[in-house]
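Here, each number is a calculation from the coordinates, and none is a lab measurement. Values in this document were obtained by computation on a predicted structure and should not be read as measured data. Glycine also receives a Cβ, built like all others from the backbone with ideal geometry; neighbour counts cover every protein chain displayed.
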Amino acid sequence: MSEAVDIQDARTPPVLVREQLQGLKGDELARWRIGPLENRRSAAERGIDLPMPFGWFALCYSDELAVGEVKPLHYFERELVLWRGEDGAAHLLDAYCPHLGAHMGYGGKVDGPHLQCPFHAWRWDGAGRLVQIPYSKSLLPKLQKPDCQRSYPTAEVNGFVWAWYHPDHLEPLHDLQTFAEVGHPDWTPYERHEWIVYGPMQALAENGADSAHFRYVHGVLNNPNYDITFDGHRRTAEVRAKMQTPRGLVDGAIAYGVDGAGQPWTRFSGICETLLVSGVTPVARDVTHLRFAFTQLRSDRDSGVAKAVIKDICKQLDQDKAIWDRQRYIEKPPLCRDDGPIVEFRNFFRQFYAGEQWRQYREAAKARTISR
Ligand code: FES
Ligand SMILES: [Fe+2]
């Protein structure tokens with residue numbers, strides 16, 4: 001860990017964000033978070049050639065998908081259609097109908113548990129099988145097998161609808177973690193925030209391992225101390241940092257973890273008990289959709305600090321986004337001793353890339369598992 005340096009020596013930490021976000025509040029700030037980016041450079045210009053990671057990824061909140069509703073989505077560099085059948089189950093398929101190519105996310109209808117294409121009303125089940133052609137007795141046998149239309153396993157936990165994405169169609173390799181706080185009467189309903197980040201998922205995930213940026217981007221008084229554990233598909237850390245609050249400087253503890261590539265969570269304690277459940281979903285190799293859902297202990301929520309905690313965490317994300325949106329990917333960065341466990345993080349994250357070229361990295365990640 002690096003030595004603490006007097007904050008007066010720090011170079012006016014969040015300069016970048018002050019310039020970009022000065023005066024942005026309320027709706028305008030919310031629009032900036034998910035809006036297009038001026039002078040955006042292509043993935044190729046920014047050296048971003050990382051493949052799409054596999055894992056469980058959030059598609060929407062459960063209450064955003066009513067029974068009988070059909071939604072078009074674009075994630076994993078694919079057009080997708082999500083629906084909730086009349087039996088209540090959510091399903092995800094590739095959107096272009098194999099018959100004559102209609103996009104089933106626009107005008108598709110739910111029929112029982114199935115999805116009906118808007119063009120000629122062919123009906124599909126959640127496993128991607130053709131179940132009916134309403135105007136013909138012929139049912140094409142080659143379309144009656146699962147995955148004739150590409151389907152994705154789905155699950156609903158923690159108030160989100162999740163899908164398992166794997167480029168080689170492998171079944172889920174691990175479970176989703178569930179949190180008892182979500183929906184518990186002692187805890188508040190989610191407060192929700194979202195961002196579109198113009199960067200690869202790996203860059204977002206790397207943030208926690210990049211210990212030097214906390215001071216220069218977020219204005220944290222000194223580099224936080226933490227233990228980080230890489231354990232199979234799970235990464236966890238305990239961070240202890242002094243936090244500036246309306247009550248003055250408080251010793252805060254932050255426990256965070258990431259299950260697989262796309263399910264990070266964070267527990268903040270010391271100021272106001274807060275659980276942050278995140279959904280991080282790749283849109284394209286250089287675009288990531290990030291959702292933050294906060295729940296807080298109701299007994300702490302009344303203090304003015306509770307809202308300030310959430311505001312501060314979101315401000316930190318704004319500060320990170322300002323960097324990520326313009327960042328170039330450096331495959332072999334020159335790192336100094338105090339840059340934090342960035343190399344270990346990258347070796348860990350590479351286990352979520354499929355394909356031959358990453359096999360050796362996955363093996364290396366297993367060998368580097370550290371248990372506390
Ligand atoms: S294009 Fe979907 S049924 Fe014809
Ligand atoms: Fe950050």
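See the values below:
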{"read-out": "Cα centre as origin, Lys/Arg/Asp/Glu Cβ charges: the chain dipole, Debye", "value": "540 debye"}
{"read-out": "Theoretical FRET efficiency, 1/(1+(r/R0)^6), r = Cβ-Cβ of Ala308 and Glu64, R0 25 Å, to 0.05", "value": "0.35"}
{"read-out": "Residues with amide H under 5 Å from that of Phe179, placed H, sequence gap 5 or more", "value": "Asn158"}
{"read-out": "Residues whose placed amide H lies under 5 Å from that of Val131, excluding near-sequence neighbours", "value": "Arg123, Trp124, Asp125"}
{"read-out": "Relative contact order of region 15-129, pairs being alpha-carbon contacts under 8 Å that are 6 or more residues apart, as %", "value": "15 percent"}
{"read-out": "Residue-span extension gain [Asp338 to Arg267] - 0.36 nm each, minus C-alpha spacing", "value": "23.0 nm"}
{"read-out": "Viscosity 0.692 mPa s, 37 °C: Kirkwood-radius Stokes-Einstein D of region 55-165 over Cα pairs, µm²/s", "value": "238 µm²/s"}
{"read-out": "Karplus (6.51, -1.76, 1.60) ³J(HN,Hα), θ = phi - 60°, over region 122-137, in Hz, Gly and Pro reported as x", "value": "5, 10, 10, 9, x, 8, x, 9, 6, 10, 6, 10, x, 9, 8, 7"}
{"read-out": "3J(HN,Hα) from dihedral phi, region 95-100, Karplus parametrisation 6.51/-1.76/1.60, rounded to Hz, x for glycine, proline", "value": "7, 7, 5, x, 5, 9"}
{"read-out": "Selected from Thr154, Thr281, Thr188 as most flexible by GNM, with the chain as the system and alpha-carbon contacts under 10 Å", "value": "Thr188"}
{"read-out": "Whole-Hz ³J(HN,Hα) from phi, Karplus 6.51 cos²θ - 1.76 cosθ + 1.60, for region 193-210, glycine and proline x", "value": "9, 8, 9, 9, 10, 8, x, x, 3, 4, 5, 5, 5, 5, 3, x, 7, 8"}
{"read-out": "Label-point separation, Glu28 to Arg192 (7 Å along Cα→Cβ), nm", "value": "2.5 nm"}
{"read-out": "Net +/- balance of residues flanking Ala66 in space, Cβ distance below 15 Å, scoring K and R +1, D and E -1", "value": "-3"}
{"read-out": "Selected from Pro185, Pro51, Pro153 as most flexible by GNM, with the chain as the system and alpha-carbon contacts under 10 Å", "value": "Pro185"}
{"read-out": "Lysines whose Cα lies under 25 Å from that of Lys332, excluding same-chain neighbours fewer than 8 positions away", "value": "Lys321, Lys366"}
{"read-out": "Among Gly126, Asn158, Ala89 the positive-end extreme of the charge dipole of region 55-165 (Cβ point charges)", "value": "Gly126"}
{"read-out": "The chain: most fluctuating residue of Ser136, Ser62, Ser299 per GNM, C-alpha cutoff 10 Å", "value": "Ser136"}
{"read-out": "0 to 90° range, to nearest 10: angle between helix 304-324 axis and the chain longest Cα axis", "value": "80 degrees"}
{"read-out": "Of Lys109/Lys145; Lys25/Lys307; Lys109/Lys137; Lys25/Lys109; Lys109/Lys142, those spanning more than 27 Å from alpha-carbon to alpha-carbon", "value": "Lys25/Lys109"}
{"read-out": "Helix-only CD estimate at 222 nm, as mean residue ellipticity for the chain, using -39500 (n - 2.57) per DSSP H run (n ≥ 4)", "value": "-5000 deg cm²/dmol"}
